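A.B. asks: Got a structure for you, written out below as structure tokens; questions coming shortly.
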Amino acid sequence: MDFRWDLIWEYAPLFLKGTLVTIGLSVAGIVFGSVLGLFIGLGKMMRKKLWALPFNWYINCFRGTPLMVQILLIHFAVVPVFLGTTNAIVAAILALSLNSAAYVAEIFRAGIQSIDKGQMEAARSLGMTHGQAMRFVILPQAIKRMIPPLGNEFIVLIKDSSLAALIAAPELMYWGRAMQGQYMRPWEPYLTAAVIYLVLTLSLNFLLNRIERRLATE
Amino acid sequence: MKKLKLVSTVLMVAFLLLLSACGTTKTGGEKKTLRVVTDAAYAPFEYQDKGEVVGFDIDFVKAVIKEAGYGVKVEHVGWDPIFVEIEKKTADLAVSSITITPERLESYDFTVPYFLSKNEILVPKGSSIKSAKDLEGKRIAVQNGTTGQTIVEKLFGKNNEKLKKFENNNLAILELKKGGVDAVVADNTVVETYVKNNPKDNFEFIEDDGAFEKEFYGLLLPKGSKLKADLDKAVNKVLDNGTYEKLYEKWFNTKPDIKVLKDQQ
């Protein structure tokens, strides 16, 4: 099989541009998704069942439908309502954030609920308020446990951002598909995209490992 | 342990049977069955009617292959996989309104042309766009990998910012409907069918024969395919004996210009 490096070279600037957009989409998705996820996770843990219900259903909806459908719906139906026109970047960030928020919420809840009840009781008996106990005792321990599943979620998010190619957001996969469409060759564009995605996820993995080690207590 | 052995033996036998089944479709004597792949999402050329692949292209390819003396099996695989299947020779030929272009001829073979097509511009009624030249500076949507994309890139630069490439024409047209672009460039049949079927959208189509050249569809074959000679002969027969005209009228309600196709050979 002939592998045409010249085609990759020709598309290299576009792959670079696409990679930057992919990183932008992923970072925005991770940041907004985490913030929103924390909020929704807390909402789901509320003691009053009725108040927790909307948060519960938020998670059900976004975790229970394919991201591809969410991206199409948000791009063609939701964003035009607010902006009056479609905007692929806005739609991609919105879909990725809303989707990852549902997963982050559950990770957050699992992290907090995994901390032994005795920790809260001990903190309260020392005279801390519920909020103080959360901030100084429960959360520091919970966050440590949340890092591996959060890392998992972020890696999935980077890979899933490739679905934004569907709505012509000019990210990495979009240029891969454009190159494929032009030359009708599968190996060069998709292998290049795969290698770049691998580099992105491995870098994130490396970063998370360092954070994990820094937070290790033993 | 014994159970495990039994299971693995059964699996092995099943696997071998599967392999040999794959083998027989490829070898066999005179009356071999050709595997035709298509992207059945392009009405009225090829689309799925309750799960069955139908359309003008499908009727046509069946007529041609019958003429050439083979059996035929059509399968919907999607646009990109078509080219992989043909390159890897896991399919014998593909039909999917595939335009014959010099770029594609670098990696594939085509039969003689069997269909004449050209691109048109789809815009909302009352748009300031009246010809291909007016597209300058406008946001345009196309289907990725189509000749519509090639033409727009030739006019306004490759991979320029204002060009959005979508997975298919339906998404591109939806983008126009939602105001994300000012125009869609696509094949005349797609554009005209859409305008006709969706009068409520208030779209109109613009022809520009000066800017948009004639295009010809061909049956896609692997490079150096031995079938080419047989199929070329069969395509010409179908063009000559009236079958083509009959199918064309059935699907498009007009008469084809067979002479243009013949001149192109």
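The values are calculated or read from the model by the stated rules, or taken from the named source; none is laboratory data. Since this is a predicted model, take the numbers as computed values, not measurements. Ideal geometry is used to build each Cβ from the backbone, glycine not excepted, and the neighbour counts take in all protein chains shown. These area figures cover heavy atoms from the full protein model, side chains too; ligands, DNA and RNA do not enter into them. Shrake-Rupley method; radii C 1.70, N 1.55, O 1.52, S 1.80 Å.
A.B. asks: Among the residues of segment B:110-151, count how many are outside any loop (DSSP other than H, G, I, E, B), open to solvent by 30 Å² or more (accessible area, probe 1.4 Å) and either in contact (Cβ under 8 Å) with a residue 12 or more places away in the chain or touching a Phe, Trp or Tyr at 6+ places or on another chain (Cβ under 7 Å) (or both). Give the derivation first.
C.D. replies: Here is the first cut: in segment B:110-151, the ones outside any loop (DSSP other than H, G, I, E, B) are B:110, B:115-117, B:119-124, B:132-135, B:140-143, B:147-151.
From the residues that got through so far, the ones that are open to solvent by 30 Å² or more (accessible area, probe 1.4 Å) too are B:116, B:124, B:133-134, B:150.
Then drop every residue that is not either in contact (Cβ under 8 Å) with a residue 12 or more places away in the chain or touching a Phe, Trp or Tyr at 6+ places or on another chain (Cβ under 7 Å) (or both), which leaves B:116, B:124, B:133, B:150.
Of the residues in segment B:110-151, 4 are outside any loop (DSSP other than H, G, I, E, B), open to solvent by 30 Å² or more (accessible area, probe 1.4 Å) and either in contact (Cβ under 8 Å) with a residue 12 or more places away in the chain or touching a Phe, Trp or Tyr at 6+ places or on another chain (Cβ under 7 Å) (or both).
A.B. asks: Additional query: Please verify whether residue B:189 is among the β-branched types (Val, Ile, Thr) and in a helix (DSSP H, G or I), treating the condition exactly as stated. Explain how you work it out, then say what you get.
C.D. replies: Numbers: among the β-branched types (Val, Ile, Thr): yes; in a helix (DSSP H, G or I): yes.
Answer is yes for this residue.
A.B. asks: Scan segment B:159-209 for residues that are of a type in the set (Phe, Trp, Tyr), in contact with a Phe, Trp or Tyr (Cβ under 8 Å, 6 or more places away or on another chain) and within 15 Å of residue B:145 (Cα to Cα) and report the count.
C.D. replies: So the count comes out to 0.
A.B. asks: Follow-up. If you go through segment A:165-180 one residue at a time, do you hit one that is within 14 Å of chain B (Cβ to nearest Cβ), open to solvent by 60 Å² or more (accessible area, probe 1.4 Å) and modelled with pLDDT of 90 or more?
C.D. replies: no
A.B. asks: Examine segment B:85-92 for a residue that is open to solvent by 60 Å² or more (accessible area, probe 1.4 Å), among the acidic types (Asp, Glu) and within 14 Å of chain A (Cβ to nearest Cβ), and state whether such a residue exists. Before you say what the answer is, go through the steps one by one.
C.D. replies: At the first step, the residues of segment B:85-92 found to be open to solvent by 60 Å² or more (accessible area, probe 1.4 Å) are B:87-90.
After this cut, where a residue has to be among the acidic types (Asp, Glu) as well, the list is B:87.
Add one more test, that the residue is within 14 Å of chain A (Cβ to nearest Cβ), and what stays is B:87.
Checking segment B:85-92: at least one residue is open to solvent by 60 Å² or more (accessible area, probe 1.4 Å), among the acidic types (Asp, Glu) and within 14 Å of chain A (Cβ to nearest Cβ).
A.B. asks: State yes or no: is residue A:123 open to solvent by less than 50 Å² (accessible area, probe 1.4 Å) and in contact with a strand residue (DSSP E or B) (Cβ under 7 Å, 6 or more places away or on another chain)? If you could, list the steps in order and put the result at the bottom.
C.D. replies: Working: open to solvent by less than 50 Å² (accessible area, probe 1.4 Å): yes; in contact with a strand residue (DSSP E or B) (Cβ under 7 Å, 6 or more places away or on another chain): no.
It is false that residue A:123 is open to solvent by less than 50 Å² (accessible area, probe 1.4 Å) and in contact with a strand residue (DSSP E or B) (Cβ under 7 Å, 6 or more places away or on another chain).
A.B. asks: Mind telling me which of the residues B:106, B:67 ends up being within 12 Å of chain A (Cβ to nearest Cβ) and in a helix (DSSP H, G or I)?
C.D. replies: Details: B:67 fails: within 12 Å of chain A (Cβ to nearest Cβ).
Being within 12 Å of chain A (Cβ to nearest Cβ) and in a helix (DSSP H, G or I) holds for just one of B:106, B:67, which is B:106.
A.B. asks: Name the single residue, out of those in segment A:81-91 being touching a residue at least 12 places away in the same chain (Cβ under 8 Å) and in a helix (DSSP H, G or I), that is farthest from the other protein chains (Cβ to nearest Cβ).
C.D. replies: A:89
A.B. asks: Right, here's the next one. Only one of A:82, A:32, A:76 is of a type in the set (Phe, Trp, Tyr) and at pLDDT 95 or above; which?
C.D. replies: Numbers: A:82 fails: at pLDDT 95 or above; A:76 fails: at pLDDT 95 or above.
Just one listed residue meets the conditions, A:32.
A.B. asks: Identify all residues within segment A:173-188 that are in contact with a strand residue (DSSP E or B) (Cβ under 9 Å, 6 or more places away or on another chain) and not in a loop (DSSP other than H, G, I, E, B); write none if there are none.
C.D. replies: A:174, A:177, A:178, A:181
A.B. asks: Given the conditions (1) surrounded by fewer than 23 Cβ atoms within 10 Å (Cβ to Cβ); (2) assigned to a helix (DSSP H, G or I); (3) within 14 Å of another protein chain (Cβ to nearest Cβ), which single one is not true for residue B:172?
C.D. replies: Only one criterion in (1) surrounded by fewer than 23 Cβ atoms within 10 Å (Cβ to Cβ); (2) assigned to a helix (DSSP H, G or I); (3) within 14 Å of another protein chain (Cβ to nearest Cβ) is unmet by residue B:172, namely (1).
A.B. asks: Related question: Just the residues that are without any contact (Cβ under 8 Å) to a residue 40 or more places away in the chain and open to solvent by 10 Å² or more (accessible area, probe 1.4 Å), please, taken from segment A:182-195.
C.D. replies: Filtering segment A:182-195 for residues without any contact (Cβ under 8 Å) to a residue 40 or more places away in the chain gives A:182, A:184, A:186, A:190-191, A:194-195.
Residues satisfying the conditions are A:182, A:186, A:190, A:191, A:194, A:195.
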